[in-house]
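> Can you keep this structure in mind? I'll have questions shortly.
The values are calculated or read from the model by the stated rules, or taken from the named source; none is laboratory data. Nothing here was measured: the structure is a model prediction, and the numbers come from that model. A quick note on method: Cβ atoms are made from the backbone with ideal geometry, for glycine too, and the neighbour counts reach across all protein chains shown. Accessible surface areas use protein heavy atoms only, side chains included; no ligands, DNA or RNA. Shrake-Rupley method; radii C 1.70, N 1.55, O 1.52, S 1.80 Å.
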Amino acid sequence: SHMRFRENWDEYLIGVIEDCPNPENSCVSAYPPGYDLPNEVPEDVRGTLTVPWKFDDDEMLRQRGRRLRSVAPDALPTGLYCAG
């Protein structure tokens, strides 16, 4: 796989979605942090927000992740989502 999961990741994400103001219409998305093989995962737990970057030659909007300055106390609303 191209990412590593934190311990109890499923319980953590269920809690995040339950804490959203409107859980039925919420989506949890993430820009996962990098790691070094085999399993050296950074200790930094600040989230990453997906932001617009540029339009490419085909006029597709490209986005990139920006690490938050501090750990967010709650889920953050955003208009961009990650997919892989």
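> Which value at 222 nm does the chain reach when only helices count, each DSSP H run of 4 or more adding -39,500 (n - 2.57), with the total divided by all residues and rounded to the nearest 500 deg cm²/dmol?
-3500 deg cm²/dmol
> I've got another one for you. For all pairs of alpha-carbon atoms in the chain, what percent lies in each bin of width 5 Å, listed from the first bin to the last filled one?
3, 11, 20, 23, 21, 12, 7, 3, 0
> Oh, and also: If you roll a 1.4 Å probe over the heavy atoms of the protein chains, what accessible area per residue do you get for the chain, in Å²?
I get 88 Å² per residue for this part.
> Can you give the local net charge around Cys82? Use residues other than it whose beta-carbon is closer than 13 angstrom to its beta-carbon, Lys and Arg +1, Asp and Glu -1.
Neighbourhood net charge equals +3.
> Same structure again: How large a share of the accessible area of the chain, in percent, is made up of carbon and sulfur atoms when the probe is 1.4 Å and the other protein chains stay in place?
Carbon and sulfur: 52 percent of the exposed surface of the chain.
> With +1 assigned to the C-beta of every Lys and Arg and -1 to the C-beta of every Asp and Glu, and no other charges, what is the dipole magnitude of the chain about the Cα centre in debye, to the nearest 20?
Using only the charged Cβ atoms, the result is roughly 380 debye.
> Further, regarding this structure: Could you compute the net charge surrounding Thr48? Neighbours are other residues with a C-beta less than 12 Å from the C-beta of Thr48; K and R count +1, D and E count -1.
+4
> Hey, another quick one. Which net charge results when you count Lys and Arg as +1 and Asp and Glu as -1 among the other residues whose beta-carbon is under 13 Å from that of Leu68?
+2
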